[in-house]
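This report refers to the structure that appears directly beneath it.
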Amino acid sequence: MSEAKKLYIKTYGCQMNVYDSERMAEAMGGAGYVKTDSPDDADMILLNTCHIREKAAEKVYSELGRFKGLKDARPDLKIGVAGCVAQAEGEEIMRRQPLVDLVVGPQSYHRLPELEAKARTGKKALDTDFPLEDKFDTLRHRPKAKRGPTAFLTVQEGCDKFCAFCVVPYTRGAEFSRPVDRVIEEARDLVDRGVREITLLGQNVNAYHGQGPDGRDWSLADLVWALDEVDGLERIRFTTSHPNDMDDALIAAHGDCAKLMPYLHLPVQSGSDRILKRMNRSHTAESYLRLIEKIRAARPDILMSGDFIVGFPEETEQDFQDTLDLIEAVNYGYAFSFKYSTRPGTPAAERDQVDEDVKSERLQRLQALLTRQQRAAQDAMVGREVGVLFEKAGRLPGQMVGKSDYLHAVHVTDPTIEPGQLARVEIVESGSNSLAGRCLPR
Ligand code: SAH
Ligand code: SF4
Ligand code: F3S
């Protein structure tokens, strides 16, 4: 038997890219590839890229440049670009960086083995179609290997919302939901392989409307309840949600479904109605705040997380103040914040841009506030008893680390704990980035 070829994948961007990279590795497994952790001994290098902000997209080119030496030494080495930059820039990538052999978009990566075969013949290979066949169905090379305790599972992909700043509707295409039975089948398979917690993924995961076994469209709440019945699955999370798709059944599930964890990522982007309108967000600051009240009525201890953009075109100091006010009103446990980045082809790119200095200064103030809230939320865990799913050994002997129900990193020193174990833990200390705890008797 010939020796397996080696595939090195580097992943940028969101969790869906992490999931996609796993699927691509599986597809290439069928073509005789095994994964390697280093580009140095790889037969193929694949960058799974992100186009969301300029910095993310440009990183790809500097990374590609670094492989020149490797390619010169081993001309057989194939270099591929996958993901959202591949979709957005297509052939342009090969023009800008001739060492790229292969470009594949996020909706056609199941065709990766064919593309690789073509690249092996010395031709350039490109596929950025939005094919009619379901890529999820054609990915049949699922190895039965053991997995860690947590996994991502894509249930919805694409976006029809067209926020004025965002490339995702162009790079991922129209909204699509996988059928319920396929999701359940994949969840069962993951659980059989050791997974205890599944995070359902979608660009707008709560817009999920997959076909149910009864032929009707099921909502995300219906799907959560179906997953609740999967034996051995202990925890369910989902991300990312849009405020407008947060229906009453899903809110209620946060109160009623014990497996659904008390953490919700609900991006708002801005607290100014004027800016929200210009962003094409189709919600107001007030409607968002009312929504959070409803969610907290269903699950009072839920930890809220969000995304913010500062310096969107035409944002004034008053608009920015409105965002700070909204943050004060919500009190976030976690958050991601970004300077607005002009994306080619999006409506906001054409508008009056805010100065880079102003953006930087606003981002600093915003992050100072968010960091304070995050810190307070973490510190408030001290003395509380929480569930922790342990994932792996920590740095110190006998130490185990995992995530709490609220997604805080927690470590304990307890040699009896194994990865994959879910334990009740009393939080004793809040450190810089994690909590220290003590396992309670079962
Ligand atoms: N589908 C999700 C998030 C998609 S992108 C949602 O609707 O919320 C993740 C985050 O990146 C966004 O929430 C937004 O805060 C940020 N983002 C998207 N486009 C951006 C841009 N052009 N500049 C800066 N941040 C951006
Ligand atoms: Fe982008 Fe808006 Fe769609 Fe989220 S909802 S992916 S921010 S267009
Ligand atoms: Fe980036 Fe594409 Fe995800 S642009 S954030 S990798 S959907």
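The values are calculated or read from the model by the stated rules, or taken from the named source; none is laboratory data. Nothing here was measured: the structure is a model prediction, and the numbers come from that model. Every residue, glycine as well, gets a Cβ built from its backbone with ideal geometry; the counts of neighbours run over all protein chains shown. Surface areas here come from the heavy atoms of the whole protein model, side chains and all, with no ligands, DNA or RNA. Shrake-Rupley method; radii C 1.70, N 1.55, O 1.52, S 1.80 Å.
Going by the structure shown, is residue 133 in a helix (DSSP H, G or I), open to solvent by 60 Å² or more (accessible area, probe 1.4 Å) and either away from ligand 1 (no atom under 16 Å from the Cβ) or not assigned by TED's automatic domain parsing to the domain that holds residue 203 (or both)?
Here the answer is no, as residue 133 does not meet what is asked.
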Report task. Collect the residues in region 150-180 that are more than 10 Å from ligand 2 (Cβ to nearest atom) and over 22 Å from residue 258 (Cα atoms), keeping them in residue-number order. Result -> 156, 157, 173, 174, 176, 177, 178, 179
Query raised in the report: Quick check: is even one residue across region 6-16 open to solvent by less than 40 Å² (accessible area, probe 1.4 Å) and over 24 Å from residue 68 (Cβ atoms)?
Result: yes
Query raised in the report: Taking residue 223, is it assigned to a helix (DSSP H, G or I), open to solvent by less than 10 Å² (accessible area, probe 1.4 Å) and within 26 Å of residue 338 (Cβ to Cβ)?
Result: no
Requested in this report: May I ask you to verify whether residue 159 is touching a residue at least 40 places away in the same chain (Cβ under 8 Å) and in a helix (DSSP H, G or I)?
Outcome: no
Report task. Could you check, for region 19-31, whether at least one of its residues is within 16 Å of ligand 1 (Cβ to nearest atom), at pLDDT 95 or above and under 18 Å from the mean Cα position of the chain (by Cα)? Result -> yes
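Could you say whether any residue in region 86-94 is touching a residue at least 60 places away in the same chain (Cβ under 8 Å) and not β-branched (Val, Ile, Thr)?
Within region 86-94, one or more residues are touching a residue at least 60 places away in the same chain (Cβ under 8 Å) and not β-branched (Val, Ile, Thr).
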Report task. With respect to residue 13, determine if the residue is within 16 Å of ligand 3 (Cβ to nearest atom) and more than 21 Å from residue 137 (Cα to Cα). Result -> yes
Report task. Would you check if residue 102 is within 26 Å of the chain's Cα centre (by Cα), aliphatic (A, V, I, L, M) and at pLDDT 95 or above? Result -> yes
Query raised in the report: Just one of 198, 184, 236 is of a type outside the set (Phe, Trp, Tyr) and open to solvent by 10 Å² or more (accessible area, probe 1.4 Å); which is it?
Result: 184
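A quick yes/no check of all residues on (1) polar (S, T, N, Q); (2) surrounded by 15 or more Cβ atoms within 10 Å (Cβ to Cβ); (3) out of contact with any Lys or Arg (no Cβ under 9 Å at 6 or more places or on another chain); (4) free of Cβ contacts under 8 Å to residues at least 40 places away in the same chain:
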{"site": "110", "(1), (2), (3), (4)": "no, yes, no, no"}
{"site": "113", "(1), (2), (3), (4)": "no, yes, yes, no"}
{"site": "128", "(1), (2), (3), (4)": "yes, yes, yes, no"}
{"site": "145", "(1), (2), (3), (4)": "no, no, no, no"}
{"site": "151", "(1), (2), (3), (4)": "no, yes, no, no"}
{"site": "167", "(1), (2), (3), (4)": "no, yes, no, no"}
{"site": "176", "(1), (2), (3), (4)": "no, yes, yes, yes"}
{"site": "179", "(1), (2), (3), (4)": "no, yes, yes, yes"}
Requested in this report: Find the residue count for region 47-56, including only residues that are away from ligand 2 (no atom under 15 Å from the Cβ) and hydrophobic (A, V, I, L, M, F, W, C).
Outcome: 1
Query raised in the report: Pick from 204, 244: which is more than 16 Å from ligand 3 (Cβ to nearest atom) and either touching a helix residue (DSSP H, G or I) at 6+ places or on another chain (Cβ under 8 Å) or open to solvent by 10 Å² or more (accessible area, probe 1.4 Å) (or both)?
Result: 244
Query raised in the report: Do we have residue 187 as assigned to a loop (DSSP other than H, G, I, E, B) and either within 16 Å of ligand 3 (Cβ to nearest atom) or not acidic (Asp, Glu) (or both) here?
Result: no
Query raised in the report: Assuming residue 192 fulfils every condition listed in (1) within 16 Å of ligand 2 (Cβ to nearest atom); (2) surrounded by fewer than 21 Cβ atoms within 10 Å (Cβ to Cβ); (3) farther than 21 Å from residue 49 by Cα apart from one, which condition is it?
Result: (1)
